[in-house]
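Comments concern the structure below.
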């Protein structure tokens, strides 16, 4: 089998501190406010597990088990988080290998804080399409294939941190 290397990089500048962004990525009280609105749980040490549990909206839509999971490869709060990552909601994606997700958080002198999300989706074409936004349906409800990808998630995160409101509410 020939390996196909695919790496997607997304970047956003946010008027928030690195710690605020770190908390928004790693704490369930924040992760439920933006993006796909799951409840993230992290054991933030090398080899620690992470998972995202469903919110009530997902449970009401029939998704009662973990939405995604993986392992912490590197944790340097509030600057860098590297994890393995796999979406568990779709059987075709469960069959794909774990992907590697890196969050780099850097405070700039003039543009707020730069958040760079690098997602290595090598040999995971379903994940690659989903997180790229290729299957975008921003009007989808919980449990439906929204597919807005990282651009949509990061836009929503920026909105929540800067205004207190997500982009759909």
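The values are calculated or read from the model by the stated rules, or taken from the named source; none is laboratory data. Small disclaimer: the values here were computed from a predicted structure and weren't measured. A quick note on method: Cβ atoms are made from the backbone with ideal geometry, for glycine too, and the neighbour counts reach across all protein chains shown.
What are the residues in the stretch 147-168 that are under 17 Å from residue 112 (Cα atoms) and either in a helix (DSSP H, G or I) or touching a residue at least 24 places away in the same chain (Cβ under 8 Å) (or both), if any?
154, 155, 156, 157, 158, 159, 160, 161, 162, 163
From the list 131, 168, 138, pick out the single residue that is loosely packed, with under 15 Cβ neighbours inside 10 Å, on the phi < 0 side of the Ramachandran plot, at pLDDT below 95 and in contact with a helix residue (DSSP H, G or I) (Cβ under 7 Å, 6 or more places away or on another chain).
One residue alone meets the criteria, 138.
Rundown of residues vs (1) touching a residue at least 40 places away in the same chain (Cβ under 8 Å); (2) surrounded by 15 or more Cβ atoms within 10 Å (Cβ to Cβ); (3) in contact with a helix residue (DSSP H, G or I) (Cβ under 8 Å, 6 or more places away or on another chain); (4) under 26 Å from residue 123 (Cα atoms), yes/no style:
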site: 8; (1), (2), (3), (4): yes, yes, yes, yes
site: 28; (1), (2), (3), (4): no, yes, no, no
site: 32; (1), (2), (3), (4): no, yes, no, no
site: 45; (1), (2), (3), (4): no, no, no, no
site: 52; (1), (2), (3), (4): no, yes, yes, yes
site: 72; (1), (2), (3), (4): no, yes, no, yes
site: 82; (1), (2), (3), (4): no, yes, no, yes
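Before we move on, is residue 66 over 24 Å from residue 6 (Cβ atoms) and modelled with pLDDT of 90 or more?
So residue 66 passes the test.
Determine if the stretch 100-115 includes at least one residue that is over 15 Å from residue 22 (Cβ atoms), touching a residue at least 12 places away in the same chain (Cβ under 8 Å) and surrounded by 15 or more Cβ atoms within 10 Å (Cβ to Cβ).
For the stretch 100-115, residues over 15 Å from residue 22 (Cβ atoms), touching a residue at least 12 places away in the same chain (Cβ under 8 Å) and surrounded by 15 or more Cβ atoms within 10 Å (Cβ to Cβ): present.
Looking only at residues in the stretch 14-26 that are out of contact with any helix residue (DSSP H, G or I) (no Cβ under 8 Å at 6 or more places or on another chain), more than 21 Å from residue 70 (Cα to Cα) and in contact (Cβ under 8 Å) with a residue 60 or more places away in the chain, which one is surrounded by the fewest Cβ atoms within 10 Å (Cβ to Cβ)?
Taking the candidates together, the pick is 17.
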